[in-house]
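The values are calculated or read from the model by the stated rules, or taken from the named source; none is laboratory data. A quick note: this is a predicted structure, and the numbers were derived from the prediction, not measured. Neighbour counts are summed over all protein chains in view; Cβ atoms, including those assigned to glycine, are modelled from backbone coordinates with ideal geometry. Heavy atoms of the whole protein, side chains included, go into the accessibility calculation; ligands, DNA and RNA do not. Shrake-Rupley method; radii C 1.70, N 1.55, O 1.52, S 1.80 Å.
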Amino acid sequence: MSEMRLVVVGAAGRMGRMLVKTIHETPGATLCGAIENAGSIALGQDAGLLAGIGETGVKIVDDPLPVFAKADGVLDFTSPDATTHFSELAAQARIVHVVGTTGLGAADMGRLEAAARHAVVIQSGNMSLGVNLLAALARKVAATLGEEFDIEVVEMHHRNKVDAPSGTALLLGEAAAQGRGIALADHSERGRDGITGARKPGAIGFAALRGGTVVGEHSVVFAGPHERIVLSHLAEDRSLFSRGALRAALWGRGRKPGLYSMDDVLGLADI
Ligand SMILES: NC(=O)C1=CN([C@@H]2O[C@H](COP(=O)(O)OP(=O)(O)OC[C@H]3O[C@@H](n4cnc5c(N)ncnc54)[C@H](OP(=O)(O)O)[C@@H]3O)[C@@H](O)[C@H]2O)C=CC1
Ligand SMILES: O=C(O)C1=N[C@H](C(=O)O)C[C@H](O)C1
């Protein structure tokens, strides 16, 4: 099969630059386009030079339409507004859309589902193998332990992260809720402050720390009578996420339209 031609949107961002580098290192994939916001100071620059891998001949532009028309897939770690817009364009072009963007609300997910009727959309709050394995473990542990074990999800990220709780924290909370057979929306406790009253039985709590350059750290705490089980993942480098995104794109090529997760890509759905 020919190399998969990939576009990176948000190409000047932290993840965008890492994705450009990872495409360069991945057999079977080639960079065919790089998109940034209109008005970005990165417009006109070579995406490879910006990513520190040398000249690629792919200049960063702000019009996705002609670029998507020549591509097989798009890697998208941007913002919820940008991602929902790109999902419509990717669906029109019938190309694979890998969505790493977090902070997506229910309406945004509805727009991704609509796009997935026409194209392959792979969405996950965390593209790393380790976190998706951790989620499968959290599901199992939650299914095994009773309600006398309180579940708390704790995360820490760098000072520039704009959304909380992180997409990963929500993914882990969702896995724990599935294990318990409950709906996360009805049991989540966020942002405790002041006289909160005692913890509600069966709640799944979230706490978010921000600071420094932390790539991403997550723990699911099961706190029971006189003992605690803590499942943790520490991301040491963003290439974890970009390599997962590349794996997802290559997996998605030629598949039937639909909304897929990293569990599908990694074969973890039955664990
Ligand atoms: N699922 C996963 O595994 C991971 C997910 N993420 C998520 O990815 C997202 C991005 O993170 P990060 O790279 O750190 O953030 P950055 O802010 O560094 O990068 C986002 C980039 O997208 C650009 N952008 C925003 N809107 C548009 C648009 N309409 N068109 C083109 N480009 C646009 C931004 O430009 P500008 O600055 O001009 O707005 C910026 O360059 C976040 O939601 C984060 O949580 C991050 C790591 C892993
Ligand atoms: O913004 C980040 O940096 C990250 N975002 C994702 C999230 O919200 O969970 C994934 C990773 O933890 C890094």
key: For the chain, average projected area of the Cα convex hull in nm²   = 15.2
Selection from N37, I53, V67, by position along the positive dipole direction of segment 25-102 (Cβ) = V67
task = Would you mind checking the radius of gyration and Dmax of segment 66-117 based on alpha-carbon positions, in Å?
result = 10.2, 31
request  = Pick out the long, greasy-scoring helices in the chain: whole DSSP H runs spanning 15 Å or more along their own axis by Cα, mean Kyte-Doolittle at least 1.0.
outcome  = 129-144
request  = Sequence neighbours fewer than 8 away in the same chain don't count; with that in mind, list the lysines whose C-alpha is under 29 Å from K21.
outcome  = K59, K70, K161, K256
message = Under 4 °C and 1.567 mPa s, how fast does segment 125-271 diffuse according to Stokes-Einstein, given a Kirkwood radius computed over C-alpha pairs? Answer in µm²/s, whole number.
response = 80
ask   = Over the chain, what is the mean sequence separation of C-alpha contacts under 8 Å (at least six apart), divided by residue count, expressed as relative contact order in percent?
value = 20
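Which semi-axis lengths, in whole Å and largest first, follow from the square roots of five times the eigenvalues of the Cα gyration tensor of segment 114-193? Please list the in-between numbers first.
Values: eigenvalues 103, 67, 36 Å².
Three semi-axes, in Å: 23, 18, 13.
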message = Counting heavy atoms of the protein chains only and a 1.4 Å probe, report the per residue accessible area for segment 81-215 as a whole number of Å².
response = 46
query = Of the listed peptides 223-230, 138-145, what is their order by residue-averaged count of other C-beta atoms within 10 Å, with the highest listed first?
reply = 138-145, 223-230
note = Along segment 43-54, Karplus-curve 3J(HN,Hα) (6.51, -1.76, 1.60; θ = phi - 60°) to the nearest Hz, with x for Gly and Pro, reads 4, x, 7, 6, 4, x, 4, 5, 8, x, 10, x
query = At L133 and E3, where each label point lies 7 Å from the Cα along Cα→Cβ, what is the point-to-point distance in nanometres?
reply = 3.1
inquiry  = Please report the antiparallel percentage of the DSSP beta bridges confined to segment 1-144, to the nearest 5.
reply    = 5
